[in-house]
Amino acid sequence: MNKLNIFSKAQMCILSYARNPNDSGSFVQDLQITTMFTHHQKIVVVGSDMPSGDSQKRRIVSFVGGVDLYEGIYDTPFHSLFRTLDTAHHDDFHQPNFAGASITKGGPREPWHDIHSRLEDPIAWDVLFNFEQRWRKQGGKDLLVNLRELDDIIISSSPVMLPDDHETWHVQLFRSIDGGAAFGFPDTPEDAARSGLVGGKDNIVNRSIQDAYMNAIRRAKNFIYIENQYFLGSCFGWQADDIKVEDSGALHLIPKELSLRIVSKLEAGERFTVYVVVPM
């Protein structure tokens, strides 16, 4: 199923673009980015009604996370393997893990669980700014309304809940992205460091997701629970004579940080448990 067909009857203009390569790469690197890399951010930013309904202006509301439109990915909170084969999943069966499994043989289907959330207040504007950076990098500055021009129709960032409301959350935006995919990154390693970014070879990197993981791991007192389908990394720590660090592809520090936290708790004589959930 072509995902664009979902919007074919809607009054929308839908364009599909391959990811543009960074100008600093070689011909081969540029070809890899164009043919193999995706934009791979799942966000929706909309102008929403004011909660009070007493203003003609609108406010920014953002949604982040996965709602996969691929065949067989629709699911319910019950994640049934068999019970929905004659109903919800009769024409939407997907099972890539077991050879020979099919709906005619009674399944089982592959369950699916995506996580997504709705964001309001200042964090919603952070998601909007992320969109602006990505869009301007791919399409140029002339293809987007400047955020300053939104003042006529959108109220500025402001809380919609009282600070002492028990439903209030403190939210922060983290990313894993570089200057090849986002507009407006600093040009020098020195400026990057002042912005909390990392200066690499001909590139500036935002690795705030890894930094947030590390900060949480180091502060954990009793346990750590992680769900991540891409749980890998720290291969520089493997004791293998035939592997060079420069040839290793999964260098991020999360598994190493978990190991160090476990060791520190063992040395302190304190009970500590790490749970890591990955797909089968």
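The values are calculated or read from the model by the stated rules, or taken from the named source; none is laboratory data. The structure presented is a predicted model; accordingly, all values stated were derived computationally and were not measured. Please note: Cβ atoms are built from the backbone with ideal geometry, for glycine as well, and neighbour counts cover all protein chains shown.
Per-structure values
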item	result
Subset of the range 262-278 [hydrophobic (A, V, I, L, M, F, W, C) and surrounded by 11 or more Cβ atoms within 10 Å (Cβ to Cβ)]	262, 263, 266, 272, 274, 276, 278
Looking only at the range 64-95, and only at residues there that are exposed (fewer than 11 other Cβ atoms within 10 Å of the Cβ) and at pLDDT 90 or above, the one that is farthest from residue 131 (Cα to Cα)	86
Subset of the range 263-280 (residues that are modelled with pLDDT of 95 or more and outside any strand (DSSP E or B))	263, 264, 265, 266, 267, 268, 269, 270, 271, 272
Residue within the range 157-173 that is modelled with pLDDT of 90 or more and not polar (S, T, N, Q) present	yes
Selection count where residues are at pLDDT 80 or above and either of a type in the set (Asp, Glu) or closer than 15 Å to residue 138 by Cα (or both), scope the range 34-51	2
The range 215-229 residues that are in contact (Cβ under 8 Å) with a residue 12 or more places away in the chain, paired with ones that are in a loop (DSSP other than H, G, I, E, B) (beta carbon under 7 Å, 6 or more apart)	222/272; 223/272; 228/278; 229/278; 229/279
Qualifying residue in the range 134-141 (condition: in a loop (DSSP other than H, G, I, E, B), free of Cβ contacts under 8 Å to residues at least 60 places away in the same chain and more than 29 Å from residue 56 (Cα to Cα))	yes
Of the criteria (1) over 19 Å from the mean Cα position of the chain (by Cα); (2) modelled with pLDDT under 90; (3) closer than 15 Å to residue 252 by Cα, which one residue 232 fails	(1)
Close pairs from the range 117-133: first at negative phi and modelled with pLDDT under 90, partner outside any helix (DSSP H, G or I) and buried (at least 19 other Cβ atoms within 10 Å of the Cβ), Cβ under 9 Å, at least 6 apart	120/59; 120/60; 120/61; 120/62
Qualifying residue in the range 144-167 (condition: farther than 19 Å from residue 64 by Cα, part of a loop (DSSP other than H, G, I, E, B) and touching a helix residue (DSSP H, G or I) at 6+ places or on another chain (Cβ under 7 Å))	yes
